[in-house]
Amino acid sequence: MENSNIMGNKQIKQHLETAQKTGILKISLQRLQEFPPQLKTYPNVLKTLDLSQNRFEHIPDELGRLTLLKHLNLSGNRLVELNEVVGELLKLEVLLLMDNMLTKLPKTLANCVHLKTVNLSNNQLKEFPSMLCGLKHLDVLDLSRNKITDVPAEVGQLYVTELNLNQNQISMLAEDIADCPKLKTLRLEENCLQASAFTPRILKDSKISNLAVDGNLFNSKQFTDLEGYDVYMERYTAVKKKMF
């Protein structure tokens, strides 16, 4: 029985052959439940691996062999947890995991020091992934549509310029978020925050110039009345002026 039958179609076999030359392998929308068996012995040449929109519930240890990967797309699967071997992908820059069922992430992600973009939107995460704090190249982190309830003090070590926490269940926001060295855009729409969560330190001393807070437990007047709001608005206006 040839491999292509196991895989369901000859197209995948063709993809695997082409990928040896291009370093790009895209096997999405194939209803796969199992990691393609050929990948277990596949030469370590892949820079991009797209296994999105399949039915994977877990990722095997063999993934850790693909140490040249820069771009990994596992979005739209049925992953409940992520294998620790992802921490062996030291060159990884883009990690796309949206639309899964992830409840937690491995601490080994802290080893992926070249990560620039991480998208975890629409999962089941209850805790803020603090292993991503301290990654100096991380620029965009999307944690929208999860079940996160609080943003811990470690958040001050996030180097992102944009953090999306829309549609979670956040009622606690560590004011250490004011220490983020590059954070410009903070999205916190549709959470469970009181206006008092936005302390003077966050409004006055942070670099945040775009704060999206609609759909929380306060109205816009309560927000505009906060101490430091005027200082925040100066940053907001200065950035808007630069754009036009």
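Below are the figures for this structure:
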| quantity | calculated |
| --- | --- |
| Breaking point among (1) at pLDDT 95 or above; (2) open to solvent by less than 50 Å² (accessible area, probe 1.4 Å), for L90 | (2) |
| Verdict on L203 being assigned to a helix (DSSP H, G or I) and surrounded by 15 or more Cβ atoms within 10 Å (Cβ to Cβ) | yes |
| Complete set of residues in region 160-175 that are of a type outside the set (A, V, I, L, M, F, W, C), buried (at least 18 other Cβ atoms within 10 Å of the Cβ) and either in contact with a helix residue (DSSP H, G or I) (Cβ under 9 Å, 6 or more places away or on another chain) or under 19 Å from V94 (Cα atoms) (or both) | N164, E175 |
| Selection from region 19-46 of residues that are modelled with pLDDT of 90 or more, assigned to a helix (DSSP H, G or I) and exposed (fewer than 12 other Cβ atoms within 10 Å of the Cβ) | K21 |
| Subset of region 135-152 (residues that are farther than 22 Å from H71 by Cβ and either in a loop (DSSP other than H, G, I, E, B) or open to solvent by 10 Å² or more (accessible area, probe 1.4 Å) (or both)) | R145, N146, K147, I148, T149, D150, P152 |
| Residue list for region 41-54, filter: more than 22 Å from N100 (Cβ to Cβ) and in contact (Cβ under 8 Å) with a residue 24 or more places away in the chain | Y42, N44, V45, K47 |
| Whichever residue in region 206-242 is hydrophobic (A, V, I, L, M, F, W, C) and outside any loop (DSSP other than H, G, I, E, B) and, among such residues, is nearest to N166 (Cα to Cα) | A212 |
| V80 vs. criteria within 15 Å of N146 (Cα to Cα) and either out of contact with any Ser or Thr (no Cβ under 8 Å at 6 or more places or on another chain) or open to solvent by less than 10 Å² (accessible area, probe 1.4 Å) (or both) | no |
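The values are calculated or read from the model by the stated rules, or taken from the named source; none is laboratory data. Fair warning: this is a prediction, and the values are worked out from it, not measured in the lab. Here the Cβ is made from the backbone with ideal geometry for all residues, glycine too, and neighbour counts use every protein chain on show. Areas reflect the complete protein model, heavy atoms only, side chains present, ligands, DNA and RNA absent. Shrake-Rupley method; radii C 1.70, N 1.55, O 1.52, S 1.80 Å.
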